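Input: a single structure, listed below in structure tokens.
The values are calculated or read from the model by the stated rules, or taken from the named source; none is laboratory data. Just so it is clear, the model here is predicted, and its values are computed rather than measured. Don't worry about glycine lacking a Cβ; one is built from the backbone with ideal geometry, like all the others, and counts go over all protein chains shown. Heads up: the accessible areas ignore ligands, DNA and RNA and are worked out on the full protein's heavy atoms, side chains in. Shrake-Rupley method; radii C 1.70, N 1.55, O 1.52, S 1.80 Å.
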Amino acid sequence: MTRSPIWQAIAGTLSTEIAEGHYLPGDKLPTEAQLSLRFGVNRHTVRHALAGLAEAGLVHARRGAGVFVAGRPADYPLGRRVRFHENVTASGRSPSRETLVLETRHADAREAEALQLAAGGAVHVYEGLSLADGVPLATFRSVFPAERFPGLLADLSQTRSVTAALRAAGLADYTRASTRITAKAAPAVLALRLRLKEGAPILRSEAVNVDAGGRPVEFGKTWFAGDRVTLTVTPD
């Protein structure tokens, strides 16, 4: 009878303990050293077992912090008003954002069309990472008409909040005019940002937000980690 590799047995034991509630979503697993001592194996074997759990979506690693039990997918409503902090807070998690890019450049053809700008018009670009309890849910790119919101980048660098930055620019409210969702396989760069395996499922949302008069104020693309978010369409 062929015996299973020891790393698979360790992964199976930890998987069972997670399923039985020994470790809850968000809990940190014992360190590699502790697991090596517990199972009487070297760290390479433990690392292999943890990689298997990560590939199955049961755990995720945070650089410099350890390995944590993955949470259940967070409901993320898509309605007339989509606000990241409100959506994540409503799911019982702590929201945060990391800024990756703040720049002003010429719009590409798709951006100019969505924002109703002349070809090559100036746009502000805000790219970043959206996290819940320190785990990446999505990476995003938001594009705004630069002429209408000249000081937007400075406000975004301070607040990291599109809603707050637009409010500071004089826009009290904005709503979603359209949303298009497409399933994709994560390319290498997006997988790295989202701490996913290359080729893992992601959901790409492409949206246009408008002011009260229907004038476009934001064109955004968001790439959600497919196993961490459940997108829900609301009738608001």
**Message:** Just to be sure before I move on: is LEU171 assigned to a helix (DSSP H, G or I), more than 15 Å from the chain's Cα centre (by Cα), over 16 Å from PRO77 (Cβ atoms) and of a type in the set (A, V, I, L, M) in the structure I sent?
**Reply:** no
**Message:** With the requirement that a residue be closer than 12 Å to THR182 by Cα and among the aliphatic types (A, V, I, L, M), what does the range 212-231 give you?
**Reply:** LEU231
**Item:** ALA177 vs. criteria more than 19 Å from SER130 (Cα to Cα), assigned to a strand (DSSP E or B), open to solvent by 60 Å² or more (accessible area, probe 1.4 Å) and not β-branched (Val, Ile, Thr)
**Value:** yes
**Message:** If I ask for residues that are at pLDDT below 90 and at positive phi, which ones from the range 15-65 would you list?
**Reply:** GLY21, GLY26, GLY57, GLY64
**Prompt:** Within the range 38-126, which helices (runs of 4 or more DSSP H) (wholly inside it) include 1 or more residues that are open to solvent by less than 70 Å² (accessible area, probe 1.4 Å) and in the same structural domain as PHE140 (by the TED database)?
**Reply:** 84-90, 109-115
**Pick from the range 22-37, criterion more than 23 Å from the chain's Cα centre (by Cα), in contact (Cβ under 8 Å) with a residue 12 or more places away in the chain and buried (at least 18 other Cβ atoms within 10 Å of the Cβ), ranking: farthest from SER4 (Cα to Cα)** = TYR23
**Asked** Got a number for residues in the range 127-160 being open to solvent by less than 40 Å² (accessible area, probe 1.4 Å), closer than 22 Å to GLY92 by Cα and over 15 Å from the mean Cα position of the chain (by Cα)?
**Response** 0
